[in-house]
Structures are given as C-alpha cells and as structure tokens.
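Q: Mind having a look at this structure? Questions to follow.
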Amino acid sequence: MEWSFLFFLNSALLGVGLAMDAFSVSMANGLHDPGMSRKRMCIIAGTFGVFQAVMPMTGWVCVHTVVGYFSAFERFIPWIALVLLCYIGGKMLIEGIRNRAGEDAEEEAAKGLSLGGLLMQGVATSIDALSVGFTIAEYDLSMALVSSLIIAVVTFCICMGGLILGKKAGTRLSGKASILGGVILIAIGLEIFISGLIG
C-alpha cells in the first residue's frame, strides 16, 4: 500500500465505521447530562478518539508480533464489550429510575460521567477496533500511525455531534433522559455482542 487519496479515504471510512458505537454512547452521555460544558464534551469526544486510534495500532503491533495470542483473545472481545456497556448502561438506568422516583435529578446530572466510567466506555466502544489491526497490517509503521490518527479525528468529530444531539434531546426529555441513555448503552452492548458472535 502506498500514500494515495485511496489510503486517506479508506482511513476516513474506517473511522466512520468504528465511530458509530462511540457516537451512540456519546449521544447517551449527552442525554444523561444536558448541561454538559464544552470542555467536558471535548474530553469525552477526545477520549473516544484516543481509544479508537490506540486499538487499531495495538492490533497492528499484535499482527506484527504475537499474532497467535491475539487470535485467541479476539473471541472474548464481544463479551468484554457486552459486560462493560451493560454495567454502565444499567447504572445509568437505575439512576434515571431513582430520579423519577423523587431523588434530585439536577444533583445527579451535576455529578456527570466519572473518569472510570468514561474509560470503561472508551474500552467498550473501541475494543472491536483491535481487529482493524489485521486490516491495516499491510501498512508500514508511519502509514499505520497516520491511519490511526485519521480514525481518531473522525471519531472526535462524530462523537461531538452525538454529544450535541444528546444534549438537545436531553434538555427536552428532562428526567427520562438517563433511562433512555441507559437503554441505548445496553442495546449497543448487545449489538456488539451479537454481531461479534455472528461475525
């Protein structure tokens, strides 16, 4: 593979494909916290972008070093994504139900997404991107790095869009937003799990 328009186009399209789960999770985060600051939005979108760049590079390194071990690990990817997203989504769902039962919703929303929760979301939505290491295995190191960087930028932009959409909908939905956000996360976890088993 050589540097060409097709290389950049393929990298951008890979970024779009990989960012869809992160987009949905970003929308759920926006629903959960309609008053989220721009700085927080950039941190969330940036975290997803970093994870989406690191995972394909990790896969690329695995292909060029310990490919046998990576192949054995690959079958656990859908299970890991399912557990992480169902845990975060279930927590969000329970918070939303409690808030509807009379707890202070504003205080709960002010807490926002914890760093641990954000990192778990980053891993859960990007772990399937490890497989992209096989797709970009023919690239040399510099091309793999540039491709991963393009994926990160595309993911960041798409996630910012998801956060903005979620915030707008969250403001309208008020107390029901956390419940919807939790359901979305659980659904994404199931989708990754089912498509991972079928694929």
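The values are calculated or read from the model by the stated rules, or taken from the named source; none is laboratory data. Here the structure is a predicted model, which is why all the values come from computation and not from measurement. A quick note on method: Cβ atoms are made from the backbone with ideal geometry, for glycine too, and the neighbour counts reach across all protein chains shown. Ligands, DNA and RNA are stripped out before the accessible areas are found, and what is left, the full protein with its side chains, is counted by its heavy atoms. Shrake-Rupley method; radii C 1.70, N 1.55, O 1.52, S 1.80 Å.
Q: Less than 11 Å Cβ to Cβ from PRO78, Lys/Arg counted +1 and Asp/Glu -1: what total charge do the surrounding residues give?
A: Net local charge, PRO78 excluded: -2.
Q: All other residues with a Cβ under 10 Å from the Cβ of PRO34 taken together, and with Lys, Arg as +1 and Asp, Glu as -1, what is their net charge?
A: Net charge around PRO34: +2.
Q: Heads up, I need the accessible area for SER195: 1.4 angstrom probe, whole protein in place, Å², nearest 10.
A: 60 Å²
Q: Lysine pairs in the chain with Cα distance under 18 Å, only those 8 or more apart or on different chains: how many are there?
A: Pairs that pass both the separation and distance tests number 9.
Q: Calculated from the structure, semi-axes √(5λ) of the Cα gyration tensor in Å equals which of (1) 30, 24, 15; (2) 32, 18, 12; (3) 30, 20, 16?
A: Of the labelled values, this structure produces (2).
Q: So for region 1-48, what are the equivalent ellipsoid semi-axes in whole Å, largest first, each being the square root of 5 times an eigenvalue of the Cα gyration tensor?
A: 30, 11, 6
Q: As a test question: what accessible area, to the nearest 10 Å², does ILE43 have when a 1.4 Å probe is rolled over all protein chains in place?
A: Solvent-accessible area, nearest 10 Å²: 80 Å².
Q: Within the set of other residues whose C-beta is less than 13 Å from the C-beta of ASP21, count the net charge using Lys and Arg as +1 and Asp and Glu as -1.
A: -2
Q: Accessible area, 1.4 Å probe, largest first: how do GLU191, GLU95 sort?
A: GLU191, GLU95
Q: Something else: Per residue, how much accessible area does the chain show when a 1.4 Å probe rolls over the protein heavy atoms, in square angstrom?
A: Value returned for the chain: 50 Å² of accessible area per residue.
Q: Report the full-extension gain for the segment VAL146 to VAL50: residue separation times 0.36 nm, less the Cα-Cα distance, to one decimal in nm.
A: Once the chain is fully extended between VAL146 and VAL50, it gains 33.3 nm.
Q: Ignoring everything but the protein chains, give the 1.4 Å probe accessible area of MET20 in square angstrom, nearest 10.
A: Spelled out: MET20, probe radius 1.4 Å, area about 80 Å².
Q: Separate question: Students sometimes get this wrong: rank CYS62, CYS157 by accessible area, probe 1.4 Å, all chains present, largest first.
A: Solvent-accessible surface, decreasing: CYS157, CYS62.
Q: Further question on the same structure: Compute a Gaussian network model of the chain, connecting alpha carbons closer than 10 Å, and tell me which residue from VAL83, VAL123, VAL54 fluctuates the most.
A: With Cα springs under 10 Å in the chain, the top fluctuation among VAL83, VAL123, VAL54 is at VAL83.
Q: Another question, if that's okay. Using a 10 angstrom Cβ neighbour count of at most 15 plus a DSSP loop assignment to flag exposed chymotrypsin sites (Phe, Trp or Tyr not before Pro), which longest range of the chain is free of such sites?
A: Looking at the chain, 77-199 is the longest stretch - no exposed chymotrypsin sites (Phe, Trp or Tyr not before Pro) with at most 15 other Cβ atoms within 10 Å.
Q: Still on this model: For an R0 of 30 angstrom, estimate the FRET efficiency from the Cβ-Cβ distance between LYS39 and VAL66 and round to the nearest 0.05.
A: The value I calculate is 0.20.
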